[in-house]
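**Student:** My questions will all concern the structure given below.
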Amino acid sequence: TWRDYLRQEAKMAAGLSCLIGLTGFIRAALFRTPWGETIAITTSVFIIVMTSVAFGSTLPLAMKKVGIDPAHSSTTIQVIMDILGVLITVLVSSFVMSFAVFEGDGSSVVDDDATYKMNTADVGRYS
């Protein structure tokens, strides 16, 4: 039945998400990526894979139910997941990196103090 099918797909999604998330986490740890970024990307990958499997298993069933050829679902899923993947990554990363605990771990690409000192030093030079 469709309920058994969806239950099996949910188990597969959880397994894939854990495996791919763990792989990404290990890679980030090996390359000494700052913890905030590691957590943000690992969480994003986990959510993206779960979402992708959910759409990939339900969209063909929904399309068949409304009379559309389920073969058209593959391109639809690709477009949806491209957009959602970027959106999920940005939202999760913004959320995780907003915690104060990750402010001083080297996660910031821009050194605000150095930028400020450089800008204030340049003020007298160009006037």
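**Student:** Can you give the accessible area of Met63 in Å² (nearest 10), computed on protein heavy atoms with a 1.4 Å probe?
**Tutor:** 30
**Student:** For Leu6, Leu61, Leu30, write out the residues from largest to smallest accessible area, computed with a 1.4 angstrom probe and no ligands counted.
**Tutor:** Leu30, Leu61, Leu6
**Student:** Please report the carbon-and-sulfur percent of the accessible area for segment 1-53; probe 1.4 Å, protein heavy atoms only, DNA, RNA and ligands left out.
**Tutor:** Carbon and sulfur atoms account for 71 percent of the accessible area of segment 1-53.
**Student:** Taking the Cα atoms of segment 1-71, what is the range of coordinates along each of the three principal axes, in descending order and whole Å?
**Tutor:** If we take the Cα atoms of segment 1-71, the spans are 50, 21, 16 Å.
**Student:** Quick check: residue separation of Trp2 and Arg32 times 0.36 nm, minus the Cα distance between them. What number comes out in nm?
**Tutor:** Between Trp2 and Arg32, full extension yields 6.4 nm more.
**Student:** What are the trypsin sites (Lys or Arg not before Pro) within segment 1-67 that DSSP puts in a loop, where the Cβ has at most 15 other Cβ atoms within 10 Å?
**Tutor:** Arg32
The values are calculated or read from the model by the stated rules, or taken from the named source; none is laboratory data. Computed from a predicted model, the values in this text were never measured in an experiment. FYI the Cβ positions are ideal-geometry reconstructions off the backbone, even for glycines, and counts take in every protein chain you see. Note: accessible area is taken over every heavy atom of the protein model, side chains too, but ligands, DNA and RNA are not part of it. Shrake-Rupley method; radii C 1.70, N 1.55, O 1.52, S 1.80 Å.
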